[in-house]
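The values are calculated or read from the model by the stated rules, or taken from the named source; none is laboratory data. Remember, predicted model here, so these are calculated numbers, not experimental data. All Cβ positions, glycine included, derive from the backbone under ideal geometry; neighbour counts span all protein chains shown.
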Amino acid sequence: MGASSFEPPENQSPAEPWLPERTYVSPPPEPVKRQDRLWVPLLLVALTVLTTTFLRGPVYSACVLAILGAHEMGHYLACRYYRIDASRPHFLPAPDVLLSILTQGYTWIFVITGTFGAFIRIRQPIASKRQLFDVGIAGPIAGFLVAIPILLFGVGYSPRVAIEPGSYWLGEPLLMKLAIWLVHGPLPAGQTIATHPMAFAAWFGLLATSLNLFPIGQLDGGHISYAVLGRRSTFVTLASVAILVVLTFVSLSWLLWAALTVSMLLAFGPAHPRTIDEDVPLDPTRMWLAGFAFVMFVLSFTPVPLELLEGPGR
């Protein structure tokens, strides 16, 4: 086939996307970029500093905001690189007193962390799978890389202690188990670590990474799954939601997240919004990064995020 077949049609601008041997589809018109109200994210981050500092102190607050902030800035900077209209990162405070009333005294994970996390709002469709993939994976990688040194320092500052019945135990993801083993060596039966605020911030950061990497709908993992699998990602979404429902029988600490994902599924449907180049495969580098996203998920995931110890043992 001659090289001329890979040139865009004469009546189209070279700047517009063109797919060889496919029906040409004009991109949507450029949306009008909105001016953000700067006081909103500033107020939210100030409130989140207050709620996280009140619960765990300034060291925890600085570390958890660094991890969550790096995650959202990864998304935001990727959007800026591709000139995709997106809001600035917004943090979400979680007031302890309010949540205790809403949950009738049950200590949800977000009550003990002081924050619901952070988000950005993408305000226009993403045209290509490569752009979607890059925006989706940039956040988890940025947050994960910031969490690792915080985890190592935090575990180093966390002394060994005996496990006390009636206390809450944080389910340790594989990466945290590895960090504890590297710093403290194998822990004897009946011992754990008294989690330093830095280690607790890293634990929550890893939990947030695993939640976002679930391959569901509009989550980061859903974007990555769609970019890799195309329309087949719909089946992955349905299977992942089913797994989350099953996990609620393993630990009630999954109940809120499962309810949110089921609600998202009912509101927006299981299918990811399409891109123009839906059937075009990703390049090898991005496929390797998709594999790294799976590794991040495995290292950050724990089947029982929070557990009440009723007796000795771990």
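Considering each residue of segment 220-248, count those that are in contact with a helix residue (DSSP H, G or I) (Cβ under 6 Å, 6 or more places away or on another chain) and in contact (Cβ under 8 Å) with a residue 40 or more places away in the chain, and give that number.
Summing the residues that are in contact with a helix residue (DSSP H, G or I) (Cβ under 6 Å, 6 or more places away or on another chain) and in contact (Cβ under 8 Å) with a residue 40 or more places away in the chain in segment 220-248 gives 8.
Pick from A290, A242, A259: which is closer than 14 Å to Y226 by Cα and either of a type in the set (A, V, I, L, M, F, W, C) or modelled with pLDDT of 90 or more (or both)?
A290
Restricting to segment 232-280, name every residue that is part of a loop (DSSP other than H, G, I, E, B), of a type in the set (D, E, K, R) and exposed (fewer than 15 other Cβ atoms within 10 Å of the Cβ).
R274, E278, D279
Are any of the residues in segment 56-72 at pLDDT below 95 and either touching a helix residue (DSSP H, G or I) at 6+ places or on another chain (Cβ under 9 Å) or farther than 22 Å from I126 by Cα (or both)?
Yes, segment 56-72 contains a residue that is at pLDDT below 95 and either touching a helix residue (DSSP H, G or I) at 6+ places or on another chain (Cβ under 9 Å) or farther than 22 Å from I126 by Cα (or both).
Given the conditions (1) in contact with a helix residue (DSSP H, G or I) (Cβ under 7 Å, 6 or more places away or on another chain); (2) at pLDDT below 95; (3) among the hydrophobic types (A, V, I, L, M, F, W, C); (4) not in a strand (DSSP E or B), which single one is not true for I101?
Condition not satisfied by I101: (1).
Please indicate, with yes or no, whether at least one residue in segment 147-154 is within 19 Å of the chain's Cα centre (by Cα), more than 18 Å from T48 (Cβ to Cβ), of a type outside the set (A, V, I, L, M) and modelled with pLDDT of 95 or more.
So far as segment 147-154 goes, yes, one or more of its residues are within 19 Å of the chain's Cα centre (by Cα), more than 18 Å from T48 (Cβ to Cβ), of a type outside the set (A, V, I, L, M) and modelled with pLDDT of 95 or more.
If the Cβ limit is 8 Å and pairs must be 6+ apart or interchain, which residue in segment 38-67 that is at positive phi pairs with which residue that is surrounded by 16 or more Cβ atoms within 10 Å (Cβ to Cβ)?
From segment 38-67, the pairs are G57/P197.
Which one of the conditions (1) loosely packed, with under 14 Cβ neighbours inside 10 Å; (2) at pLDDT 95 or above does Y106 fail to meet, given that it meets all the rest?
Of (1) loosely packed, with under 14 Cβ neighbours inside 10 Å; (2) at pLDDT 95 or above, only one is false for Y106: (2).
How many residues, within segment 210-235, are under 20 Å from L299 (Cα atoms) and in contact with a Ser or Thr (Cβ under 6 Å, 6 or more places away or on another chain)?
Final tally of qualifying residues: 5.
Can you tell me which residue among V32, V25 is under 30 Å from K129 (Cβ atoms), at pLDDT below 95 and exposed (fewer than 11 other Cβ atoms within 10 Å of the Cβ)?
Going through V32, V25 in turn, the sole match is V32.
So F153 ticks every box in (1) buried (at least 18 other Cβ atoms within 10 Å of the Cβ); (2) in contact (Cβ under 8 Å) with a residue 40 or more places away in the chain; (3) not in a loop (DSSP other than H, G, I, E, B) but one. Which box is left unticked?
Result: F153 passes all but (1).
What residue, among those in segment 205-215 that are part of a helix (DSSP H, G or I) and over 11 Å from F144 (Cα atoms), is nearest to the chain's Cα centre (by Cα)?
The selected residue is N212.
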